[in-house]
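Every read-out reported here was derived from the displayed coordinates using simple, explicitly stated rules and does not represent laboratory data. Treat the numbers as computed from the prediction; the structure is a model and nothing was measured. All Cβ positions, even for glycine, are placed from backbone atoms using ideal geometry, and neighbour counts span all protein chains on display.
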Amino acid sequence: QKEVEQDPGPLSVPEGAIVSLNCTYSNSAFQYFMWYRQYSRKGPELLMYTYSSGNKEDGRFTAQVDKSSKYISLFIRDSQPSDSATYLCAMSYSNSGYALNFGKGTSLLVTP
Amino acid sequence: GAVVSQHPSRVICKSGTSVKIECRSLDFQATTMFWYRQFPKQSLMLMATSNEGSKATYEQGVEKDKFLINHASLTLSTLTVTSAHPEDSSFYICSAKIRGKETQYFGPGTRLLVL
């Protein structure tokens, strides 16, 4: 079983919809949780960063972490065609220097 | 802030030649840099972790003699693909980490095509 599971999609939604992206993980030692956005043929761009459980909001984006369920989510409100990309969840252990554990990424298409 | 550059952005080479890819942190000091490879429609696969001034740590299955990594300074790491073969064609991405922070900042990637 992979440590981080993420549905690859593709997920297609109309413009203006609320998008929900999710990842589950198996290792309870993960403490740091991130969401990256990757456009085609580009490097990933950090969207959200959360430590431990809880919610974090930044503009149209909200990240949620539920450590008891080993489940993280990214919500995108008022989705735009420019949000069309692959969204990767990533997580790491508490000690510095550890590499990130990535999900496979979910491909999102927001149609006008 | 936290900008990472990679050079070149794409390279085409003949089989058997070596290719060097540079990764630079432009506005911060990167204590750790990571090299990833990404095949089409796949997630990022970590190849190696590089700390400034020390030898890189390679992931299982990654040949250290084929993928040479040098992290000579706090702002520069290089990946050299030696004796490249067509199966090495991929998208290579580096990332850099600031001391004390868990987030990684990614470069724009280098697309390598070996003919």
query = Where does each of B:I69, B:I98 land when they are ranked from fewest to most other beta-carbon atoms within 10 angstrom?
reply = B:I98, B:I69
key: Average Cα contact separation per residue, chain A, under 8 Å, 6 or more apart, as relative contact order %   = 37 percent
message = Run the lone-cysteine check on chain B: no other Cys C-beta under 4.7 Å from the residue's C-beta.
response = B:C13
Average beta-carbon neighbours from other chains, 10 Å sphere, peptide B:103-110 = 5
request  = Could you run the Karplus curve 6.51 cos²θ - 1.76 cosθ + 1.60 with θ = phi - 60° over segment A:21-30 and give me ³J(HN,Hα) per residue in whole Hz, x for Gly and Pro?
outcome  = 10, 9, 9, 10, 9, 10, 9, 5, 6, 5
